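> Handing you this structure, nothing more for now.
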Amino acid sequence: GRAIPPLAVLSQVLRLERSRRTAIVFPLQKLERYLAPGTDMARFRLFQPGLAALQRAEALFRSDRGHSIDYVSSAVRMDHAPPPALPEVCFIGRSNVGKSSLIRALFSLAPEVEIRVSKTPGHTKKMNFFKVGKYFTLVDMPGYGYRAPQDFVEMVEAYLQERHNLKRTFLLVDGVVGLQKTDHIAVEMLEEFGIPYVIVLTKIDRASRGLLLKNVLEIQEFVKENTQGCFPQLFLVSSVKFSGVHLLRCFVAHVTGNLPTVEAH
Ligand code: GDP
């Protein structure tokens, strides 16, 4: 297997000085001090787990004897999907948004897990299922682009509509470029299906603070005005620096019912 990057490990991050630690564990909070006075902060701190919850979530993502994390199968059609036995989350987003990098970062404590990527143009796009012990499954949905083939659209729509164990959909949006036309189409689809989802801003290490703040505020406003099913707090991640990865693990654990209590502080 691959080596585990130090910042993928919570205990290593906690050794850093406070400001860097906050930037990695709570990247959205890091932006708070740059907000105009009077800005509603509620959306910045809806999900703010304590250390115990972060540690509990990390344990789920670390494989060991008696707890294995496995790639299960790939499917091109719903009848090829594994039985919906566990709570499930899925990750969707435009091609190149950083989805495979993020899934690799989430699973970096289980380096034996092979994250398959099939992004060669024309290559069959598949849903990849990962099983995290007896706790939950995570699905890597194929990246969509403009002019997605019809069979692809049908597969994704069928999955989102029919998958009864699906607890939350993570819609990845590029933190540098913000919401694009295809992202809006994805939002409309999720809204139409009435399923709960959350927006994850990727590659935040590549955006200046000003640009990131602008994109965060714009998307927050968009979510507030135009959506019903979207969680009001955005999740910010960098798969390179592991910013937001620990918090995202914790949110996945939470929405799949694997964190009985999330302390407020
Ligand atoms: P996918 O098509 O959505 O699976 O995207 P990838 O994970 O393959 O990422 C697309 C490109 O963005 C690759 O060149 C990655 O190295 C780069 N990338 C992905 N995530 C990050 C990130 O968090 N930070 C930076 N700087 N680059 C990233």
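> Send over a whole-number figure in Å² for the accessible area per residue of the chain, probe 1.4 Å.
Per residue, the chain has an accessible area of 48 Å².
> Per residue and in cubic angstrom, what volume does the convex hull of the Cα atoms of the chain have?
Residue-normalised Cα hull volume stands at 129 Å³.
> I'd like the accessible area for residue 218, computed on protein heavy atoms only with a 1.4 Å probe and all protein chains in place. Round to 10 Å², please.
In the full protein context, residue 218 sits at about 100 Å².
> Now, a different point. By what distance, in whole Å, do the Cα atoms of region 1-123 stretch along each of the three principal axes, largest value first?
52, 34, 29 Å, listed from the longest principal axis down.
> Give, in nm to one decimal, the length gained when the segment between residue 2 and residue 225 is fully stretched (0.36 nm per residue of separation minus the Cα-Cα distance).
75.9 nm
> Could you look at the chain and say what percent of its accessible area is carbon and sulfur, using a 1.4 Å probe and all protein chains?
In the chain, the share of accessible area belonging to carbon and sulfur is 51 percent.
> Another question, then. Using a/c under 1.5 as the rounded threshold, could you call region 171-265 rounded, prolate or oblate? The axes a ≥ b ≥ c are square roots of the C-alpha gyration tensor eigenvalues, and prolate needs a/b larger than b/c, oblate otherwise.
In terms of gyration-tensor shape, oblate.
> Out of all DSSP beta bridges in region 6-256, what portion is antiparallel? Express it as a percent rounded to 5.
Expressed as a percentage, antiparallel bridges in region 6-256 total about 40.
> Quick one: compute the contact order of the chain, relative version, from alpha carbon pairs under 8 angstrom and 6+ residues apart, as a percent.
For the chain, the relative contact order is 28 percent.
> In debye, nearest 20: dipole of region 6-256 around its Cα centre with unit charges on the Cβ of K, R (+) and D, E (-)?
Magnitude of the dipole: close to 980 debye.
> Could you let me know the centre-to-centre spacing of region 157-205 and region 1-71, using Cα atoms, in angstrom?
22
The values are calculated or read from the model by the stated rules, or taken from the named source; none is laboratory data. These numbers come from a predicted model, not from an experiment. Methodologically, a virtual Cβ is constructed for each residue, glycine included, from the backbone with ideal geometry; neighbour enumeration extends over all protein chains shown. Please note that ligands, DNA and RNA were not included when accessible areas were found on the heavy atoms of the full protein model with its side chains. Shrake-Rupley method; radii C 1.70, N 1.55, O 1.52, S 1.80 Å.
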